[in-house]
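Below is one structure; the comments refer to it alone.
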Amino acid sequence: VPENFYLLREILEEAGAHILYASDGKTGLSILKNTEKIDFILLDIRLPDISGYDLARQMRKEKPDVPIIAQTAYGLSGDREKALAAGCVDYISKPIVADELMKVIKRNITPKQ
């Protein structure tokens, strides 16, 4: 949903991030394959063309060292475990709170030397 992206973009750009955006899994996988340096992926679990869990597995095969942080509006029991089992390093529930998002990112991103 574009509204969610606008909020995330505002939070992340304020922190100095350069953002690549995909509205579906096919585009996201293409960006991952064709972009040399990606520090982390913020992956929505509900996508129009593929399950976020399935996409995380594909992304993990493509670039095993890029941290994937799952996000979902459906903080249902078991979602965190499913995300971690699919290859995500962490999980955050919507609505996204800027401070919480930054904590999750900092916890999972190793600064490059």
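The values are calculated or read from the model by the stated rules, or taken from the named source; none is laboratory data. None of these values were measured; they are calculated from a predicted model. Glycine gets a Cβ as well: all are built from the backbone with ideal geometry, and neighbour counts include every protein chain shown. Accessible surface is based on the protein model in full, side chains and every heavy atom, while ligands, DNA and RNA are left aside. Shrake-Rupley method; radii C 1.70, N 1.55, O 1.52, S 1.80 Å.
Stretching the chain fully between SER93 and ASP79 yields a gain of 4.1 nm (0.36 nm per residue, less the alpha carbon separation).
Cross-link partners of LYS37 among lysines, defined as those whose alpha carbon lies under 19 angstrom from its own and excluding same-chain residues fewer than eight positions apart: LYS26, LYS61, LYS63, LYS106, LYS112.
Working note: Karplus 6.51/-1.76/1.60 with θ = phi - 60° gives the stretch 3-17 the couplings 4, 4, 4, 4, 5, 4, 4, 4, 5, 6, 5, 4, 8, x, 7 Hz, where Gly and Pro are set to x. Per-residue Karplus couplings for the stretch 38-46, computed as 6.51 cos²θ - 1.76 cosθ + 1.60 with θ equal to phi - 60°, are listed in order as 10, 7, 6, 10, 9, 10, 6, 6, 9 Hz, Gly and Pro entered as x.
Database remark: amide H of LEU42 closer than 5 angstrom to the amide H of ILE69 (H placed geometrically; neighbours at sequence offset of 5 or more, or on other chains; Pro and chain starts carry no H).
GNM remark for the chain: springs join alpha carbons under 10 Å apart, and the peak mean-square fluctuation among ASP24, ASP90, ASP99 falls on ASP99. Note on LEU42: accessible area approximately 40 square angstrom, rounded to 10, probe 1.4 Å, nucleic acids and ligands left out.
The modelled label-to-label distance for the pair ARG107/ALA17, using points 7 Å beyond Cα in the direction of Cβ, is 1.5 nm.
Ranked from the most accessible area to the least, with a 1.4 Å probe and all protein chains present, what is the order of THR72, THR35?
On the way: THR72 5, THR35 35 Å².
The most accessible residue leads, giving THR35, THR72.
Note down the relative contact order for the chain as a percent, whole number, built from C-alpha pairs under 8 angstrom at least six residues apart. Could the numbers behind the result be given before it?
On the way: 124 pairs, mean separation 23.1, N = 113.
Rounded, it is 20 percent for the chain.
Applied to the stretch 87-93, the Karplus parametrisation 6.51 cos²θ - 1.76 cosθ + 1.60 on θ = phi - 60° returns per-residue 3J(HN,Hα) values of x, 6, 8, 6, 8, 9, 8 Hz, with x for Gly and Pro. Among the trypsin sites (Lys or Arg not before Pro) within the stretch 21-69, those in coil by DSSP and having at most 16 neighbouring Cβ atoms inside 10 Å are LYS37.
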